[in-house]
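The next block holds one structure in the form of structure tokens; read it before the comments.
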Amino acid sequence: MSYSIEIKGLRKEFGHKVAVNDLELKIPEGSLFAILGVNGAGKTTTIRMLTGLTTPTGGDALVLGHSIKEDLEAVKKLVNLSPQETSVAPNLTVRENLEFIAGIYGFDREKIKQKTLQILEQFGLDEVAHSKAKTLSGGWQRKLSIAMALITEPRILFLDEPTLGLDVLARRELWKEIERLKGKITMILTTHYMEEAEALSDEIAVMVKGDLKAVGTLEELKRLTGTEKLEDAFVKIVEEM
Amino acid sequence: MKSFVFAKRTLKEILRDPLSYIFCLGFPLVMLIIMSVVDRSIPAQANMTVFHIENLGPGIAYFGLTFVMLFSSIQVSKDRSTALLLRLYASPMKPADYMIGYTLPVCILALVQMGICFVAAFVIGLCTGYTFPIGAILLSVLALLPSIFLFTGLGILFGSAVNEKAAPGLCSIIITATGMIGGIWMDIDGLGGVIQKVANALPFYHGVTLAKSPFRENPKDTLVHLTWTIVCAVVVYILAAIIFRNKMKKDIR
């Protein structure tokens, strides 16, 4: 099996606080890998280290064969993320936001045009293409945020709490988009929502206070904990393991 | 290339904010008109030349740059408060791309503002019996170029150092200082004393005097004013780049 990400003893300390504790993890290529954990578990810090936003205190990770410590520039060209907070340029239209990000990743004018059209259609954003991003609802903004990450053709997409704060319908709508991408690229998803991880993930990791407590498929985690539902398995892992 | 893409985005963000037009273009024009009316009300015996259109035109062109600083600081601090910069920090953009991307649109805005200011001053001059020499206007614009970088640098500096609520407050101190001791609203040379010493120590008086020089018969110490303005602009801009870079690291920590 080939891996998109190989994390080797990755560690992050903020002063005396250990946010991520010598993490060891391998993420298979093309999979949707969910990282679960309560607040302060180290999910976002892990993603931030893997995308070059935070420098690790120790350890390393190979992202598509490139070290995040020694070859970060190469890593940045191959990955993209949709941050926890909606990250769009508020006064630009939906189309302009997409063109802007494609331009930042060095696409030429022709490719920007072609990719923008493709992504607008793929995400059903055509109808709001000329609306300013700040006028969109939370669900549409989050959709645009993910579309902006995808327009750069990343081989790995990091989705940090992609449906946080969205209503049920908007969440389900976004799940559909994520499901469509499965198998095409590697996705790393952090979430608080058990049903989200259950519905979307190929593999799930559970982090508690910076430590990796369990990794496996949904069935493996249920078997490991002797539970029927992911939520029960999660609680058991967090409280007892 | 990335810096130009970022610059285009920044320009669009600024131009789509109606306040840009009010402060960057409208306000200097209104000041020009009001102060010209004030000038007409001052008796000739008072020998007060500071509000004469040949002084007011370049003075307000300089003063307008303080509003450009205000917008640059608001843009940088606003960007820092949103997750958009987080996304960009994870992209292949380098710190220099951000600096160029913030500087270019502000320079364009400043040049447009100066153009409008001098055209308005030219028209007011014609109405009041003074014809601005075109060559002198061009020289004055050239003389104002280092000050564009000074105020852009100050905008980026404040926008990087503090949040979007505090940045306009810091800018208002500079706006007041520029107006008071820059020699736009009062004759600093005539005042002398501590005020002149303070004015000499800061770049604003030098920048304003430099902008007025092409309209004077015997401009004095032009090289001193130019050197001081350029030195301050370079120092402030480098400082802004350092603080932006440090804050960028801190923001994503």
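The values are calculated or read from the model by the stated rules, or taken from the named source; none is laboratory data. Here the structure is a predicted model, which is why all the values come from computation and not from measurement. Using ideal geometry, Cβ is built from the backbone for each residue, glycine included, and neighbour counts are taken over all protein chains shown. To get the accessible areas, we keep the full protein, side chains included, count just its heavy atoms, and leave off ligands, DNA and RNA. Shrake-Rupley method; radii C 1.70, N 1.55, O 1.52, S 1.80 Å.
What the table shows:
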quantity	calculated
Heavy atoms of B:TYR205 accessible to a 1.4 Å probe, total area in Å² rounded to 10	20 Å²
Virtual spin-label span in nm between A:ARG109 and A:LYS26, 7 Å along Cα→Cβ	4.8 nm
Listed residues B:SER147, B:SER36, B:SER91, most fluctuating in chain B (Gaussian network, C-alpha, under 10 Å)	B:SER91
Solvent-accessible area per residue, Å², over the protein assembly as shown with all protein chains present [probe radius 1.4 Å]	43 Å²
Under the span-like rule (Cα at least 18 Å along the axis, Kyte-Doolittle mean at least 1.0), DSSP H helices of chain B	B:27-41, B:95-128, B:134-161, B:166-181, B:222-251
Projected area averaged over orientations for the stretch B:117-201, convex hull of C-alpha atoms, nm²	7.5 nm²
Where B:LEU86, B:LEU111, B:LEU142, B:LEU223 fall by accessible area, highest first, once all protein chains stay in place (1.4 Å)	B:LEU223, B:LEU142, B:LEU111, B:LEU86
log10 of Debye I(q)/I(0), alpha-carbon scatterers only, for the stretch B:2-252 at 0.15 Å⁻¹	-1.01
Anchor A:LYS76: lysines whose Cα lies under 18 Å away (excluding residues fewer than 8 positions away in-chain)	B:LYS2, B:LYS94, B:LYS249
Solvent-accessible area, 1.4 Å probe, carbon plus sulfur percent, for chain A	48 percent
List B:MET31, A:MET148, A:MET1, ordered by accessible area with a 1.4 Å probe, largest first	A:MET1, B:MET31, A:MET148
Straight-distance crosslink candidates among lysines, where the alpha carbon sits under 25 Å from A:LYS236 and sequence neighbours closer than 8 are dropped	A:LYS17, A:LYS26, A:LYS43, A:LYS209, A:LYS213, A:LYS222
Accessible area of the stretch B:2-252 belonging to carbon and sulfur atoms, whole % at 1.4 Å probe	72 percent
Cα convex hull volume per residue for the protein assembly as shown (Å³)	164 Å³
Using alpha-carbon coordinates, inclination of helix A:168-181 to the longest axis of chain A, degrees	90 degrees
Percent of beta bridges antiparallel (DSSP, the protein assembly as shown, rounded to nearest 5)	50 percent
Compactness of chain A, expressed as Rg and Dmax over alpha-carbon positions, Å	17.9, 55
Area hidden from solvent between A and B (accessible, protein heavy atoms only, 1.4 Å, total, Å²)	2500 Å²
Heavy atoms of A:TRP140 accessible to a 1.4 Å probe, total area in Å² rounded to 10	70 Å²
